[in-house]
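Below: the structure, in structure tokens.
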Amino acid sequence: MKYTSTRGGLSGVDFEGVLFAGYAPDGGMFMPEHVPKLDRDTLQLWSSHSYRDLVKEVCSLFISPEAIPRNDLNDLIDKAFLRFRHEDVVPVARLESGLNVLEMWHGATHAFKDLSMSCVGQFLAYFLKMNNRHVNILVVDGTSDELDVPIKKFFEDTDFVRQHSIMSTNSVNWARVMVQIAHFCHGYFQCVPTTAGETLPQVEIVVPTGGAGNMTAGCIAQKMGLPIQLVAGVNRNDIIHRTVQHGDFSLRDTEVTLASAMDIQEPYNMERILWLLSGADSGRIKQMMEEFNVKKRLQLPQELHQKLLGAMTSCSVTDDDILKTIRRCWEENRYLLCPHSAVATFYHYQQFDSGNNKPRCCLAPASAAKFQDVILRANLTPEIPQEIIALMEKETRSIPLSKHDDWEKVLREKIESIGQQRLQKHRQM
């Protein structure tokens, strides 16, 4: 498996190359040069797999054995999930009103990113040890929109990136998206267990989304042959909803909502989705994204918009809807939802109440324990695990930056300082 930029400026890159990269040098994003297909027999076989085994199978399709031999890959993934609190890693809560909640938050930080990041960390350690090298990973605190601009500028400066071994592990990184494909396979098989001889039914998977990394993984799973219909659930920051419904990919001011991790108006992974749906037309995507970067708005061509509508539908949810959904789920199940999980569940309740009872899985990206203020606003009592209480007592080390600071300049100076310290330490050894 080799990888290419969505804008066509680079292709033939191996997995190690894209793992240690962020944006491609041409400003595009890395995607596999071809999407493997899952035949019916493979899907039947996978239907009995655990979440861990599904991650192994998915990753083996996108990581060649020359990059990571299969036995090593299996060991890395097993090690990645050792710290998860639930033996199934990603269990499903089967609740009243036909609600299936895929709990993706049993890792160290009580958030879905633990699933992919645990694997990415193992992949990084594997190659770093093999090659006796180090990297500087950009993990600046802030909203995704705020971070995207300085990070993208860094990766356009290829000499600086190479000199300081810079990489990013947000959902720009292909490896994050790759692991997340397994979420959709697992959610599908948990909601519709299949046996040999049966027709594989379609399942609706509802995805609370901000930067569209999880949606990208869902689109790839769909392209691979998993019979799923995707639903993008957003808050009032509704650029993805407007794009799906009307082909209107245009920026508006970001609003602060209860579902704070989704307060994004520039979902950079939409470039990957549009590339996939365009038939990997890199020239077209390059032209479209360059137009968007200049004008901050783009009207999708009609045929591309129709393909997007064929892949997914969408909904936009208000703060009041979020609170009502959290309360309803508690009243029916004594089960607490985080505000992002409530976005997906709101869509489910809408469909269920109107008589649409097709198999459906709602992704729950975070534990309600991380959003105590929202739970209190819903007139409920938050349940706070001991490990989160312990986190509140730990020391935090950071360099606060205001919106008026030159983030790129501060980051460059910090990275150069780290490089000098490392060089000095090396000379002293």
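List the helices (runs of 4 or more DSSP H) inside the range 168-274, counting only whole elements, that have at least 2 residues being polar (S, T, N, Q) and farther than 19 Å from TRP46 by Cβ.
Where helices (runs of 4 or more DSSP H) fall fully within the range 168-274 and carry at least 2 residues being polar (S, T, N, Q) and farther than 19 Å from TRP46 by Cβ, they are 213-224, 239-246.
Being in contact with a Pro (Cβ under 9 Å, 6 or more places away or on another chain) and under 14 Å from GLU383 (Cβ atoms) is the filter here, so list the residues in the range 324-342 that pass it.
Selection gives ILE326, LEU336, CYS338.
Confirm whether SER116 is under 30 Å from LEU274 (Cβ atoms), open to solvent by less than 20 Å² (accessible area, probe 1.4 Å) and either part of a helix (DSSP H, G or I) or among the charged types (D, E, K, R) (or both).
Here the answer is yes, as SER116 does meet what is asked.
Open to solvent by 30 Å² or more (accessible area, probe 1.4 Å), in contact with a Pro (Cβ under 7 Å, 6 or more places away or on another chain) and not small (Gly, Ala, Ser), is that true of LEU45?
Against the criterion (open to solvent by 30 Å² or more (accessible area, probe 1.4 Å), in contact with a Pro (Cβ under 7 Å, 6 or more places away or on another chain) and not small (Gly, Ala, Ser)), LEU45 does not qualify.
In the range 276-292, which residue that is touching a residue at least 40 places away in the same chain (Cβ under 8 Å) and assigned to a helix (DSSP H, G or I) is surrounded by the fewest Cβ atoms within 10 Å (Cβ to Cβ)?
GLY283
Condition first: open to solvent by less than 100 Å² (accessible area, probe 1.4 Å), assigned to a helix (DSSP H, G or I) and not small (Gly, Ala, Ser). Now tell me which residues in the range 377-390 satisfy that.
Passing the criteria: GLU387, ILE388, ILE389.
Need the failing condition index for ASN235 against (1) open to solvent by 10 Å² or more (accessible area, probe 1.4 Å); (2) modelled with pLDDT of 95 or more, just the number.
(1)
Would you be able to say whether some residue in the range 267-287 is acidic (Asp, Glu) and within 23 Å of CYS361 (Cα to Cα)?
The answer is no, given that none of the residues of the range 267-287 is acidic (Asp, Glu) and within 23 Å of CYS361 (Cα to Cα).
Just need a number here: residues in the range 294-308 that are touching a residue at least 40 places away in the same chain (Cβ under 8 Å) and polar (S, T, N, Q).
2
Could you tell me which numbered condition GLY107 fails, if it satisfies all but one of (1) of a type in the set (Gly, Ala, Ser); (2) buried (at least 22 other Cβ atoms within 10 Å of the Cβ); (3) in contact (Cβ under 8 Å) with a residue 60 or more places away in the chain?
Only one criterion is unmet by GLY107, namely (3).
Name the residues in the range 66-106 that are more than 22 Å from MET117 (Cβ to Cβ) and out of contact with any helix residue (DSSP H, G or I) (no Cβ under 7 Å at 6 or more places or on another chain), would you?
Scanning the range 66-106 gives GLU66, PRO69, ASN71, ALA93, ARG94.
Please identify the pairs in which a residue from the range 163-179 that is more than 23 Å from ILE418 (Cβ to Cβ) and open to solvent by less than 10 Å² (accessible area, probe 1.4 Å) has its Cβ atom under 9 Å from the Cβ atom of a residue that is modelled with pLDDT of 90 or more and in a strand (DSSP E or B), counting only partners at least 6 apart or on another chain.
Sorted first by the residue in the range 163-179, then by its partner, the pairs are TRP174/TYR3; TRP174/PHE30; TRP174/MET31; TRP174/PRO32; VAL177/MET31; MET178/PRO32.
Tally time: how many residues in the range 60-72 are touching a Phe, Trp or Tyr at 6+ places or on another chain (Cβ under 9 Å) and open to solvent by less than 40 Å² (accessible area, probe 1.4 Å)?
Count: 5.
Exactly one of these conditions fails for LEU401: (1) open to solvent by 80 Å² or more (accessible area, probe 1.4 Å); (2) outside any helix (DSSP H, G or I); (3) among the aliphatic types (A, V, I, L, M). Give me its number.
(1)
The values are calculated or read from the model by the stated rules, or taken from the named source; none is laboratory data. It should be emphasised that the depicted structure is a prediction, and the values quoted were computed from it without experimental measurement. Because the Cβ atoms are built from the backbone with ideal geometry, glycine has one as well, and the counts that use them run over all protein chains shown. What goes into the accessible areas is simple: the full protein's heavy atoms, side chains included, and nothing from ligands, DNA or RNA. Shrake-Rupley method; radii C 1.70, N 1.55, O 1.52, S 1.80 Å.
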